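The values are calculated or read from the model by the stated rules, or taken from the named source; none is laboratory data. Model, not experiment: these values are computed from the prediction. In this analysis, Cβ positions are derived from the backbone assuming ideal geometry, glycine residues included, and neighbour counts consider all displayed protein chains. The accessibility values were calculated without ligands, DNA or RNA, using every heavy atom of the protein model including side chains. Shrake-Rupley method; radii C 1.70, N 1.55, O 1.52, S 1.80 Å.
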Amino acid sequence: MKRIAVLTSGGDAPGMNACVRSIVRSAIYNNLEIYGVMRGYEGLISGDFKKMDARSVSSILTRGGTILKTARCEEFMTAEGRNKAYRSLKKNKIDGLVVIGGNGSFKGAHTLYREHKVNVIGVPGTIDNDVGESDYTIGSSTALNTALHAIDHIRDTVSSMERIYVIEVMGREEAFLAIRVGLAGGAEDVLFPYNTYDIGKMCDDIREGRSKGKISWIIVVAEGAAKAQDVEKVIEENTGYEARSIVLGHVQRGGSPDAFDRILASRMGAASVEGLIKGKTDKMVGIKSDEICFIPLKKASIKDEKKTRLEKELYELTKVLAI
Ligand code: F6P
């Protein structure tokens, strides 16, 4: 192992830069040459490689986004795209590749390994915390705190004006952000993708709550479950009470990573380099009970039933505490 490369892929997440910094500096510390690939798999296909040195990652530890840029690359989903990517890696004499991204990016990395035997290690960087077998992903803690900060602000006006507020957070198929921010933000209810919900029953609860003196309501909706504006309308029509809605959107993806994500990114980045040096491939760096581990990439892209069970338990607790 003499020369390795790193790319960021899929939706950016706070802490990706901290991870790039860790990979670049760990590689140099271990006498490896290190290249950054621009725009994820797009740069791998077009051969957009940049030699990195210790100074090229100065002052990025605190910055959100990714200096390597990122993309969702359709061409890489084709065998021809992956052939081109493989040729670029060969041309640049790259012995190992680190992919920072989510489960879609890992499917691509696993296929690249299967078809071309490229040494590849994944590092989970996504606000959704939706990769299998790792307790956390880089960016999920910061995104959760960003959403919580917004909800705390909204709560001030909700309780002052005695309204019902519907807040949409990110998560097309996942509920991590919605459920956790619901619990941490004292929401009355959370609508999330893999759960059936009954808005009629929610309206009954609101009416009953009002009759008992509960005056304000916060309902968190994951984007994959419903549109906040639609829920707002149904509530107003069914209860006659004033409701408002907001979509937090990409605000949740930006900002400086919190301490948890910086530490996680630094540990995972260093572990990915160490893993490549030790001959590990087709694996994702994960964290379980605060210990770094290596998980087969294929498993990392499968839904983790244990994590889903935990989220459902946290949802049940939110409901208990909302009485
Ligand atoms: O990166 C994950 C994520 O933020 C999801 O939570 C969200 O559904 C999706 O990306 C949004 O993607 P885009 O930025 O392409 O609209």
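So the values come out like this:
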| item | result |
| --- | --- |
| For the chain, built as a Gaussian network whose Cα springs stay under 10 Å, the top-fluctuating residue of 164, 100, 199 | 199 |
| Surface per residue (accessible, 1.4 Å probe) for the chain, Å² | 45 Å² |
| Of all accessible heavy-atom area on the chain, the percent that carbon and sulfur account for (1.4 Å) | 50 percent |
| Computed magnitude of the charge dipole of the chain (debye, nearest 20; Cβ of K, R +1, Cβ of D, E -1) | 1820 debye |
| Cα gyration tensor category, rounded, prolate or oblate, for the chain with a/c compared to 1.5 | prolate |
| Placed amide H near residue 245: partners under 5 Å, 5+ positions off or other chain | 166 |
| 10 Å binning of all Cα-Cα separations within the stretch 205-322, expressed as whole percents from 0 upward | 10, 24, 29, 19, 13, 5, 1 |
| Antiparallel DSSP beta bridges within the chain, percent to nearest 5 | 25 percent |
| Cα gyration tensor category, rounded, prolate or oblate, for the stretch 64-104 with a/c compared to 1.5 | oblate |
| Prolate/oblate/rounded label for the stretch 133-224 (Cα gyration tensor, a/c 1.5) | oblate |
| Packing-based ranking, highest mean first, of 36-43, 236-243, 65-72 given that Cβ atoms within 10 Å are counted | 36-43, 65-72, 236-243 |
| Inter-centroid distance (Cα atoms) of the stretch 1-53 relative to the stretch 289-306, Å | 22 Å |
| The chain: relative contact order as a whole-number percent, Cα under 8 Å and 6+ apart | 24 percent |
